[in-house]
1. Here are Glu98, Glu144: which of them is out of contact with any Cys (no Cβ under 7 Å at 6 or more places or on another chain), over 24 Å from Leu27 (Cα atoms), among the charged types (D, E, K, R) and within 16 Å of the ligand (Cβ to nearest atom)?
2. Given the options Gly55, Gly37, name the one that is exposed (fewer than 13 other Cβ atoms within 10 Å of the Cβ) and in a loop (DSSP other than H, G, I, E, B).
3. Tell me yes or no: at least one residue of the range 11-24 is free of Cβ contacts under 8 Å to residues at least 24 places away in the same chain, surrounded by fewer than 14 Cβ atoms within 10 Å (Cβ to Cβ) and not in a loop (DSSP other than H, G, I, E, B).
4. Just checking, which of Pro80, Pro43 is of a type outside the set (Gly, Ala, Ser), open to solvent by 40 Å² or more (accessible area, probe 1.4 Å) and outside the structural domain of Leu129 (by TED's automatic domain parsing)?
5. Report every pair of residues separated by at least 6 positions or lying on different chains whose Cβ atoms are under 8 Å apart, first residue within the range 37-50 and over 15 Å from Val151 (Cβ atoms), second assigned to a helix (DSSP H, G or I).
6. Take Glu110 and tell me if it is closer than 19 Å to Ile11 by Cα, more than 16 Å from the ligand (Cβ to nearest atom) and open to solvent by 60 Å² or more (accessible area, probe 1.4 Å).
7. Select from the range 40-52 the residues that are in a loop (DSSP other than H, G, I, E, B) and small (Gly, Ala, Ser) and list them in ascending order.
8. Hand me the list of strands (runs of 3 or more DSSP E) wholly inside the range 72-146 holding 2 or more residues that are more than 25 Å from Val62 (Cβ to Cβ), touching a Phe, Trp or Tyr at 6+ places or on another chain (Cβ under 8 Å) and of a type in the set (Val, Ile, Thr).
Amino acid sequence: MQISKNKVVSIHYTLKDNQGTTLDSSLGGEPLMYIQGIGSLIPGMEEGLEGKTKGDKLQIKVTPDKGYGLRDEALVQQVPRTAFGNQEVQVGMRFRAETPAGVQVVTVTEVSDNAVTVDGNHPLAGVDLNFTVEVMEVRNATPEELAHGHVHGPGGHAH
Ligand code: ZN
């Protein structure tokens, strides 16, 4: 069975940047399960997997426009340290923040005595993504899975 819209797909993957640093991997854990063609994965991954079958091993290179988007420097802002009150603030912490564009998850990138720099870009925005993928399983989604927009059963949502 080939991967196409509304198939439940199970993959193992490793994600590296262009420097060869591993950013994420499913190896050693459960495979990633998703429904093809409904926007669960970044577009570059779904395009790269379309038409593949169980047992296929492939490399998928995803540029930021098909991944997590380009970086927008306007999303990098300095806020007064006092805005965080007595809360401990460290580089790498993530917060939900009210912004002109609505609620966004921001990452703390710099902390000084008076100011905190936060970045509203996705951590992988602007990064070339190099995936090594093995297709573990392909099956039809059930009508219930399609209605819910996610995978049920082992590795999926339990209700
Ligand atoms: Zn469900």
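1. Details: Glu98 fails: within 16 Å of the ligand (Cβ to nearest atom).
Every option except Glu144 fails the conditions.
2. Numbers: Gly37 fails: exposed (fewer than 13 other Cβ atoms within 10 Å of the Cβ).
Every option except Gly55 fails the conditions.
3. Step one: list which residues in the range 11-24 are free of Cβ contacts under 8 Å to residues at least 24 places away in the same chain, which gives 19-22, 24.
Then keep just the ones that are surrounded by fewer than 14 Cβ atoms within 10 Å (Cβ to Cβ); that gives 19-22, 24.
Those still in the list that are not in a loop (DSSP other than H, G, I, E, B) too: 22, 24.
Yes, the range 11-24 contains at least one residue that is free of Cβ contacts under 8 Å to residues at least 24 places away in the same chain, surrounded by fewer than 14 Cβ atoms within 10 Å (Cβ to Cβ) and not in a loop (DSSP other than H, G, I, E, B).
4. On the way: Pro43 fails: outside the structural domain of Leu129 (by TED's automatic domain parsing).
Answer to the check: Pro80.
5. That search, which allows pairs on different chains as well, returns Ile42/Lys66; Pro43/Lys66; Gly44/Lys66; Glu47/Lys66.
6. Numbers: closer than 19 Å to Ile11 by Cα: no; more than 16 Å from the ligand (Cβ to nearest atom): yes; open to solvent by 60 Å² or more (accessible area, probe 1.4 Å): yes.
For Glu110, the condition - closer than 19 Å to Ile11 by Cα, more than 16 Å from the ligand (Cβ to nearest atom) and open to solvent by 60 Å² or more (accessible area, probe 1.4 Å) - is not met.
7. Of the residues in the range 40-52, the ones in a loop (DSSP other than H, G, I, E, B) are 40-42, 50-52.
The answer is Ser40, Gly51.
8. On the way: elements: 76-80, 94-99, 102-111, 115-119, 129-140.
By residue number, 115-119.
The values are calculated or read from the model by the stated rules, or taken from the named source; none is laboratory data. What you are looking at is a predicted structure, and each value in this text was computed from that prediction instead of being measured. Here the Cβ is made from the backbone with ideal geometry for all residues, glycine too, and neighbour counts use every protein chain on show. Heavy atoms of the whole protein, side chains included, go into the accessibility calculation; ligands, DNA and RNA do not. Shrake-Rupley method; radii C 1.70, N 1.55, O 1.52, S 1.80 Å.
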